Number of protein chains: 2
Amino acid sequence: MNQHPDFLLNKIASPADLKQLSLAQLTQLASEIRSLILEKDSVEGGHLGPDLGIVETAIAWHYVFDAPKDKIVWDVSHQTYPHKMLTGRAYGWLDPDRYEEVTPYSNPDESPYDDFAIGHTSTSIALATGMAKARDLAGENYNVTALIGDGSLTGGLAFEGLNNAAVEKGNLIVVINDNQMSIDENVGGVVTSLQKLRESNGQTAENPFKALGFDYLYEDQGNDLEAMIKAFEAVKDTKHPIVLHINTLKGKGYQPAVENKYAHHWVLPFDLKTDKTTVPSPQGPTAASTVIDVVKDELEHKKPLLTINAAIPGVFGLDEIKKNYPEHYLDVGIAEQESLTLAAGAARNGAIPVVFQNSTFLQRAFDQLSHDIAANNLHVVMLVAGGGITTNSKTHLGVFDQVLVSNLPNWKYLAPTNLTELRAMTKWAIEQANGPVAIKEPVLPLPAEGKAGHDYSQIHYEIIPGEKVAILALGDFYQLGEKTQAELAKVGIKAALVNPQSANILDEAALDRLAQDYQVLVTLEDNAIDGGFGQKVASYLGDQNILVKNYAAPREYTDLETAQAIYQRMHLTPDQLASDIQKLLG
Amino acid sequence: MNQHPDFLLNKIASPADLKQLSLAQLTQLASEIRSLILEKDSVEGGHLGPDLGIVETAIAWHYVFDAPKDKIVWDVSHQTYPHKMLTGRAYGWLDPDRYEEVTPYSNPDESPYDDFAIGHTSTSIALATGMAKARDLAGENYNVTALIGDGSLTGGLAFEGLNNAAVEKGNLIVVINDNQMSIDENVGGVVTSLQKLRESNGQTAENPFKALGFDYLYEDQGNDLEAMIKAFEAVKDTKHPIVLHINTLKGKGYQPAVENKYAHHWVLPFDLKTDKTTVPSPQGPTAASTVIDVVKDELEHKKPLLTINAAIPGVFGLDEIKKNYPEHYLDVGIAEQESLTLAAGAARNGAIPVVFQNSTFLQRAFDQLSHDIAANNLHVVMLVAGGGITTNSKTHLGVFDQVLVSNLPNWKYLAPTNLTELRAMTKWAIEQANGPVAIKEPVLPLPAEGKAGHDYSQIHYEIIPGEKVAILALGDFYQLGEKTQAELAKVGIKAALVNPQSANILDEAALDRLAQDYQVLVTLEDNAIDGGFGQKVASYLGDQNILVKNYAAPREYTDLETAQAIYQRMHLTPDQLASDIQKLLG
C-alpha cells in the first residue's frame, strides 16, 4: 500500500507534470524523493550516497529537458532512483509491496525513459556520442546528455568518450557530476584537475575539457534546484559539445552518508535511527579474510607485494592493507586495464603484484591479461571475486571470468573448494615465480576446513572412488558435487567425486584413468558453460569411450532471478543432477 | 655479410659507446640508422614512418640515460629499430643474412635493453608506472621513461596510465612523441589539445598534462639531436612525474614517407628509387573488397549505416567509404572500447553500426561486446579481420576472437567459407534487426564463388555425406577440410564434410544425426582450441556415442614461426589429419 498518499510525487505521472510546479513545489519534491530513497534503502539496501546527491540534478534535468525525446544516459545508472521516481515509477518507492517492481539500474524493459541496461562505469559518453551520431544521420533534432561522475572519469573508456565527443558537430552535453568521490576516495590526476576547476569556480585556464575543445560551464551549487535549472537552461539546445561541470554533495540529506561517504555508497538494510546495518555480519573466516591473512603474513615476511585494486577495496577487505601497509597498497581508480598493466610493470621490476578483481569488472581487461601479462609470462597473482551464478542484474553477472582467464596461455586458474585450500593456493601463487596465477574466490560460502595441497605447479586429481559415474565438481560447486553424490547414494549409485582444483589445467593422466574406469563423467562448475572447464574436459575426452556431460550456466543473461530459480532452470540442483545421471547410466 | 663495414654504427656495441661520440658523430649515426631502416624495409617490409621519425630521440635518450639500469618502455614498440641498433643489435640491419635475427618489436628474449614484448598500443605509461612502483618499493634509484605517440594517447589505457602516473611520488618521465599522426590522421580532442600546446611552444595554460598535476616541458625540435639531448638532460633524475612533449616528423629523411605518412606507416617491400611496392597486389575480389561492396550497396539503398573503425581503415578498405560517404564513416582513434560502445549508442537510436575490428585489437573490448551490446541485444554488425593462426609476433596473434565473441549470449558469430557466403552473411547481418552479429573475415584466401544462404537467423548444416567420419570445417579451414577429405579418399575413406557456418550457433539436430550416422566427428577451426567452436561440439555431443576430436591451435603463444611450421606442429596439415583420422577409425 502507498505509504505516502499525501506526497506531491503522486501527482508526477511523467516529467511533463514537473513543468507545472513552482520552485517551492520542486523543493518539496526533492525532500520527498530523499526520504523515499532512505526509506526503501533502509528496508532493502541499495545505492544510497549517489542517489541522495543527484536529486536536484535529476529534477532540474527533467524540468528543463523533454524526455524521452531528449535523451539522458546515466553513467553506471546506480544514481537513477530519482530519475525513476520522476518517470512514472514512483510506486517502486511509495509502496513497499511494489519495491521489487522497479529494478536498481536503468532498464529499457521497464521504461521508455531508460535507453540502456547499464551497470558498469564510464560508458555514458560513448553511448551518448553514438546516439548523437544516429540523430544527426537521421536529420533529427534533440538534446543528448551523458551524466558521469568524477569516479567514472578514471576509466579509460570515459576518456575515449571525451576524446571523440569533443569533435562532434552537433548537440552533445556531458555533465560531470563531481562529488569528489569514487566508491572510496577518487584517485589520480583527475582529482587534482577537478579540484583546480572547483577552487577557481571553473575559471582556471588549466581546464582539461577546454583543452580537448569542449565548451565548458561550471556550477558550484549542484544541489541548488534554481541554480541547476539555470545551468541546464544555459546548455540546452547548444549546437556543439559542452561540458557542464557540477559540484554536488554525495549523501546529501543524510548526515551519516555525508560524514562517511565510503560506507554509504551502497548499503545493506539498516536502522534509520542508528544508521546500523540490520543484517548480521558473517561469523568466522570468509574467503576475503582468508586471502588478506595470507597477504599480511607475506608482508610480515618482507615480501615485496603490491596489492592493487580498481576502486573496490571493500569487496576484498583491503582497507586493512591500505591502513597498515600503505606503500604496499594501490587503488588505481575504476581502471581495470591499468590495474593489470601496472601489475605487469611492477612484476617485471621485481615486485609481486597481487591484483584484486571483481569478475564482472574484469571483463574490461582481457587484453591486459593476455598481451601485457600472459604473453610476457609475468608473475602476477590475481584474486577474482564474484565469479559465479548469482541473482545479480544482467549487467553485473560474473559468469565470464573463466572465459577470460582460462583460455589464455600461461595463466593458471585455480578454484578452491574450502578455505584451507584457498589459503594454500594464495600462498603458493605468491611464493612461486613461474608466470601468472589467478584464484577464484568463491561466491558460495566454503567450509573453513578441508584438504589442501602445497604445490599447484602441477595439478594431480585426488579421486574419491566410486562406480560407473564420476563427478568433477569445480570450486564452490564441489559442495553441489557432494550433495549430488549423496542423492545418488540414496538410489544405490556410488559416484566417484573429484576436486579438479584448476579451471583450466587438466590432470590428463587422471582423466585417462577415469575414462577407463567409468561410464559417465559429469562436470559441475559455477560459471558459463561456454569457454569453461567442462568443455575442456569434453574436448579432451572426446575421442575416448566415456560419456561426458557438462553442467554450468547456459549462454544467457540472467536478470535478478533468485539463485534457487536459476539453479532449478539450469538443472543444477542435486536431485535434478542425480536424476539426469541415472538416465545417462541407462 | 655486413654491407656497411665503414659505418660508425659498427663501433656501437652498447649505449655506453655512444657517450664517447661528438655531436657530429651522433649526427652521422642518425644518418646511418635512417639509411639502414630504409634499406632493410625496402627488402623485408616493416614499420617505416615511426622509426624514421624517432631516430634522434632514440640516440639522445641512450646518450643521456644509462640503460639498462635506466628503463624505457616504447609504446607499441614499432618504433624500436633505432633503439635496437643502439643496443647491440645493429647486425640485424647491417647484414642482410641476419635480417631475421632481430624481431620487429621490443623483445626481452632478445636483449636486456627490452623489458616487455609489446605490440598493442597505449600500455607504456601503465607499465612504466608499475616499474617505478617496484623501484620505489625496493628502495632503488633510477629513471623510468615511457615513450608514447600522440596516436596511442587516444586509447583509454593511456589515460588511465596518465591519471595514475600523475600522482606518483618519484621519478617518472612520460615522453609524448607528437608526430601529428596515428596510423591514419589522429582524431579527437587530443589533436586539438596537442595543437594548442605546439602552437604556443608549450606555453598555453590549456595544458591537460599540467591540469592532471604533471610537470611539463615542450621541445619543438624533436628531430634535432642537440635539442633532444638538452631536453632529456633537463628531465633526467627529476623526482616527480614529468611530461616531455616533443614535436617530431614522422617519416623524416624519406620524402615519400613525409608526404604520405599514412601509406608509409608500415610498408611492404618496395623499390627505393620509385617508392613503388615490389609485391604484386592481389587480383580479383578480396574479403575486404567483398564486404565494402555490400556496405556501398546498402548505403546506396539509403540504409543508415555508420561504419566505425579504430584507427586502421586501411585493413578494411574503408578509405573509399571515408572519401565518398563521410557522414557514414567514423574513425574513433585507437579506442576499440569506444568503437563498440559508441556503436551501441548509435544502434539504440536507429542507426546500423558496422564496426570493423582486427582480432588482436578486439581483445581490448570484451566488456563492450558483452555489457554494452549483447546485454542490450542491440543490432550491431561487426567484421573481424585477422582472426586465425598466423606467422605474427606473439603480441599480434588473432586466435582469441572466437573466445571473446562466441561465448557471449546474443552474439551470432558467422564464419564464411567463400566470398559469396561472406557477401550473403554481411548483407543478412545488416538487414536483419535482431541483435548483434559478428562475421569472421578469413585470414586465408577464400574461393570467390561458392554456396551461400540468404538467412542466417537459424543455422542449418548442409552435409556432404560420407561414411564413418564427418569433418566439420569452420570458415577458412573449410579448405583444409576439403583437402583432408581428398587425402582420405586416397586410402578409400569417404569422409563427410560440413560447413558449420557459425562459430557459436550449433545445428543441434544435424549434430544428432551425425552422431547416429558416423563413428568419428572431427572439427577444424582457424582459432584457439580453448573456448572455441570444437569444444562446443564436443560438449554438445559428449553424452552421445560418437567420438569427437577437435583440431585447432593449442593454448600457446606462437611467435614469428612460418604458417607451415605451425600447422605441422599443431597437426593441421591434410596428411596429418588423414593419418590421425585413420587411427581414430581404428
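State whether the range B:235-365 is rounded, prolate or oblate according to the following rule on the C-alpha gyration tensor (a ≥ b ≥ c being the square roots of its eigenvalues): a/c under 1.5 gives rounded; otherwise a/b larger than b/c gives prolate, and the remaining case gives oblate.
On the way: a/c = 2.47, a/b = 1.22, b/c = 2.02.
Because a/c hits 1.5 or more and a/b fails to exceed b/c, the range B:235-365 counts as oblate.
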Inset, instruction - Mind listing the long-range amide H neighbours of B:Ala553? Cut-off is under 5 Å, sequence gap 5 or more, other chains count too, H placed in the peptide plane at 1.01 Å from N. - result: B:Asn527, B:Ala528, B:Ile529
Legend entry - Long-range HN-HN contacts of A:Lys468 with modeled amide H, under 5 Å: A:Gln519
Inset, instruction - Report, by chain and number, residues whose modeled amide H sits under 5 Å from the one on A:Leu497, excluding near sequence neighbours (fewer than 5 apart, same chain). - result: A:Ile464, A:Ile471
Inset, instruction - Determine the sum of side-chain charges near B:Asp559: Lys and Arg each +1, Asp and Glu each -1, restricted to other residues whose C-beta is under 9 angstrom from that of B:Asp559. - result: -1
Legend entry - Student exercise, chain B dipole from Lys, Arg, Asp, Glu Cβ charges, in Debye to nearest 20: 400 debye
Inset, instruction - May I ask for the accessible area buried between chains B and A, both sides summed, probe 1.4 Å, to the nearest 100 Å²? - result: 8600 Å²
Legend entry - Among B:Ala90, B:Val295, A:Tyr91 the positive-end extreme of the charge dipole of the protein assembly as shown (Cβ point charges): B:Val295
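Can you sort A:Glu140, A:Glu525 by 1.4 Å-probe accessible area, starting with the largest? Mind showing how you got there, number by number?
Numbers: A:Glu140 100, A:Glu525 0 Å².
Putting A:Glu140, A:Glu525 in descending order of accessible area: A:Glu140, A:Glu525.
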Inset, instruction - Report Rg(Cα)/(2.2 N^0.38 Å) for the range B:287-440, keeping two decimals. - result: 0.94
Inset, instruction - For the range B:423-439, just list the computed ³J(HN,Hα) in residue order, Karplus coefficients 6.51, -1.76 and 1.60, θ = phi - 60°, integers in Hz, with x standing in for Gly and Pro. - result: 4, 5, 5, 5, 4, 4, 4, 6, 7, 6, 9, 10, x, x, 9, 10, 10
Legend entry - Rounded to the nearest 10 Å², the accessible area of B:Arg135 at probe 1.4 Å: 10 Å²
Legend entry - Only Lys, Arg (+1) and Asp, Glu (-1) charged, at Cβ; the range A:247-398 dipole about Cα centre in debye: 340 debye
Inset, instruction - Compute the whole-percent fraction of alpha carbon pairs in chain A spaced more than 45 Å apart. - result: 23 percent
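For chain A, what is the accessible area per residue in Å², given a 1.4 Å probe and the full set of protein chains? Please report the intermediate quantities before stating the final value.
Numbers: 19460 Å² over 586 residues.
Heavy-atom accessible area per residue stands at 33 Å².
Pull out a ≥ b ≥ c, the square roots of the eigenvalues of the alpha-carbon gyration tensor of the protein assembly as shown, then state rounded if a/c is under 1.5, prolate if not and a/b is larger than b/c, and oblate in the remaining case.
Details: a/c = 1.36, a/b = 1.01, b/c = 1.35.
Rounded shape, in that the Cα axes give a/c under 1.5.
Provide the gained length on full extension for the span B:Asp220 to B:Lys296, in nm with one decimal, where the gain is 0.36 nm per separating residue minus the Cα-Cα distance.
Values: separation 76, 0.36 × 76 = 27.36 nm, distance 4.27 nm.
Length difference between fully extended and current span is 23.1 nm.
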Inset, instruction - Return the aspartates and glutamates within reach of A:Lys427: Cα separation strictly under 18 angstrom, same-chain partners fewer than 8 residues apart disregarded; answer none if there are no such residues. - result: A:Asp293, A:Asp297, A:Glu298, A:Glu300, A:Glu441, A:Glu449, A:Asp455
Legend entry - Angle in degrees between helix A:55-64 and the longest Cα principal axis of chain A, rounded to the nearest 10: 60 degrees
Legend entry - 3J(HN,Hα) from dihedral phi, the range A:20-32, Karplus parametrisation 6.51/-1.76/1.60, rounded to Hz, x for glycine, proline: 8, 8, 7, 4, 4, 5, 4, 5, 4, 4, 4, 5, 4
Inset, instruction - With θ set to phi - 60°, apply the Karplus curve 6.51 cos²θ - 1.76 cosθ + 1.60 along the range B:206-218 and write out the HN-Hα couplings as whole Hz, x wherever there is a Gly or Pro. - result: 7, 10, x, 6, 5, 4, 6, x, 6, 5, 8, 9, 10
Legend entry - Fraction of antiparallel bridges per DSSP, the range B:287-440 only, in percent to nearest 5: 5 percent
Inset, instruction - State, as an integer percentage, the relative contact order of the range B:389-520 based on alpha-carbon contacts under 8 Å between residues 6 or more apart. - result: 27 percent
Legend entry - Percent antiparallel among DSSP beta bridges (both partners in the protein assembly as shown, rounded to 5): 10 percent
Inset, instruction - Kindly report, to the nearest 10 Å², the accessible surface of A:Thr27 as traced by a 1.4 Å probe over protein heavy atoms only. - result: 70 Å²
Legend entry - Inter-copy label distances at A:Gly314 (7 Å, Cα→Cβ; nm, one decimal): 5.0
Legend entry - the range A:8-259, accessible surface, carbon-and-sulfur percent (1.4 angstrom probe): 47 percent
Legend entry - DSSP-defined beta bridges in chain A - what % are antiparallel, rounded to 5: 10 percent
Legend entry - Residues along the range A:153-169 losing 20 Å² or more of accessible surface when the other protein chains are present rather than the chain by itself (probe 1.4 Å): A:Thr154, A:Gly156, A:Leu157, A:Phe159, A:Glu160, A:Asn163, A:Asn164, A:Val167
Inset, instruction - Return, ordered by residue number, the residues of the range B:537-573 whose backbone nitrogen is under 19 Å from a label point located 7 Å along Cα→Cβ of B:Asp109. - result: B:553-571
Legend entry - Solvent-accessible ranking of A:Lys412, A:Lys84, largest area first, probe 1.4 Å: A:Lys412, A:Lys84
Legend entry - Neighbourhood charge, 11 Å Cβ-Cβ cut-off, centred on A:Leu8 and excluding it, Lys, Arg +1 and Asp, Glu -1: -2
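For the range B:457-566, just say rounded, prolate or oblate: build the C-alpha gyration tensor, square-root its eigenvalues into a ≥ b ≥ c, call rounded for a/c under 1.5, and beyond that prolate if a/b exceeds b/c, oblate if not. Walk me through the numbers before you get to the answer.
Numbers: a/c = 1.75, a/b = 1.25, b/c = 1.39.
Taking the square roots of the gyration eigenvalues as a ≥ b ≥ c, the range B:457-566 is oblate.
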Legend entry - Angle between chain A longest axis and helix A:124-137 axis [Cα atoms, degrees, rounded to 10]: 60 degrees
Legend entry - Relative contact order of chain B, defined on C-alpha pairs under 8 angstrom at six or more residues apart (%): 10 percent
Inset, instruction - Please state the charge dipole magnitude for the range A:463-584, taken about the Cα centre, from unit charges on C-beta atoms (+1 on K and R, -1 on D and E), reported in debye and rounded to the nearest 20. - result: 340 debye
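Can you figure out the FRET efficiency of B:Tyr99 with B:Thr238, using R₀ = 41 Å and their beta-carbon distance, to the nearest 0.05?
Numbers: r = 38 Å, r/R0 = 0.94.
So, using R0 = 41 Å, E works out to roughly 0.60.
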Legend entry - Order of exposure, largest accessible area first, which applies to A:Ser31, A:Ser502, A:Ser22 with probe 1.4 Å: A:Ser31, A:Ser22, A:Ser502
Inset, instruction - Give the accessible area for A:Lys133 in Å² (nearest 10); use a 1.4 Å probe, count only protein heavy atoms, and leave out ligands, DNA and RNA. - result: 40 Å²
Inset, instruction - Find the relative contact order for the range A:463-584 and round it to a whole percent, using C-alpha pairs within less than 8 Å whose residues are 6+ positions apart. - result: 27 percent
Legend entry - Among the listed pairs A:Lys412/B:Lys133; B:Lys84/B:Lys252; A:Lys252/A:Lys394; A:Lys536/B:Lys483; B:Lys19/B:Lys236, those beyond 21 Å (Cα-Cα): A:Lys412/B:Lys133; A:Lys252/A:Lys394; A:Lys536/B:Lys483
Inset, instruction - Scan chain B for the residue whose Cβ is closest to the axis carrying it onto chain A, then write down that distance in whole angstrom. - result: B:Gly156, 1
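The values are calculated or read from the model by the stated rules, or taken from the named source; none is laboratory data. Computed from a predicted model, the values in this text were never measured in an experiment. Glycine also receives a Cβ, built like all others from the backbone with ideal geometry; neighbour counts cover every protein chain displayed. The accessibility values were calculated without ligands, DNA or RNA, using every heavy atom of the protein model including side chains. Shrake-Rupley method; radii C 1.70, N 1.55, O 1.52, S 1.80 Å.
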